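What follows is a set of notes on a single structure, which appears directly below.
Taken together, the values in this text are just the output of simple stated rules run on the coordinates, not laboratory data. Bear in mind that the values here come from a model prediction, so they are computed numbers and not experimental data. Please note: Cβ atoms are built from the backbone with ideal geometry, for glycine as well, and neighbour counts cover all protein chains shown.
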Amino acid sequence: MTQVMIKTFFLMLMACSMFMAANVMAADVYKVVDGDGNVTYTDTPPPDGSKPIKLAPISVVETPVYEQPKKADAEEEEGKEMTLRYLRSHYADFAIISPQQEESVWHPDAAMPVAWGTRYQLQDGMQVTIYLDGKQIAKTSDQIIPVPNIDRGEHKVEAQLTDSKNRKIATAEPITFFVRRPGLYNRARGG
């Protein structure tokens with residue numbers, strides 16, 4: 001089926017449903033009370049020849065018109081350079097989200113993921129630099145960075161966010177974590 005045929009089908013379906021809805025809305029409504037006092041409303045005229053009841057008009061609520069919010073400085077001045085103050089305020093929540101503070105990571109045979117997060121998407125040219133124990137291990141815009149071959153023991157991971165001109169925008173709180181690997185003694189005992 002081509003897209004034109006599909007669109008035509010849906011338009012015809014909508015027209016039919018609107019026609020049927022209009023007929024239902026234009027139908028008379030009758031109130032019927034049975035011998036036990038139960039009230040029923042129906043569009044079928046009762047056998048006693050009762051007249052249709054008058055319904056209150058349908059409530060119509062106008063859709064409010066909202067003002068368009070003002071665009072942020074960066075969007076408003078597209079193509080112009082964003083100020084450091086603007087960038088720093090928007091990326092103030094920049095943080096390392098994995099590993100967690102004081103987390104123990106047990107025998108990471110594969111690369112261990114280091115992940116960072118912030119509320120806003122990075123602007124073009126922004127980079128995150130990841131440091132492990134003071135050494136730079138990656139400079140990327142990827143949100144998850146695999147770090148291979150981490151030795152057993154205590155480690156500190158840090159992250160810094162820079163813009164396209166290599167200006168420091170935000171620095172994440174350092175995270176201390178521990179890599180645990182079972183020793184020969186622990187393996188022999190089963191854990």
Exercise. How big is the shadow of the Cα convex hull of region 76-188, averaged over all directions, in nm²?
Worked result: 7.6 nm²
Exercise. Say R0 is 30 Å: what FRET efficiency, to the nearest 0.05, do Ile97 and Arg181 get from their beta-carbon distance?
Worked result: 0.80
Exercise. Short version: ³J(HN,Hα) in whole Hz for each residue of region 87-99, in order, from phi by Karplus 6.51 cos²θ - 1.76 cosθ + 1.60 (θ = phi - 60°), x for Gly and Pro, what are they?
Worked result: 4, 5, 5, 7, 10, 5, 8, 4, 8, 7, 10, 7, x
Seminar exercise, completed: Counting lysine pairs in region 76-188 that sit 8 or more positions apart or on different chains, with Cα atoms under 16 Å apart, gives 4
Exercise. So how much slack lies between Val32 and Met12, counting 0.36 nm per residue of separation and subtracting their Cα-Cα distance, in nm?
Worked result: 3.6 nm
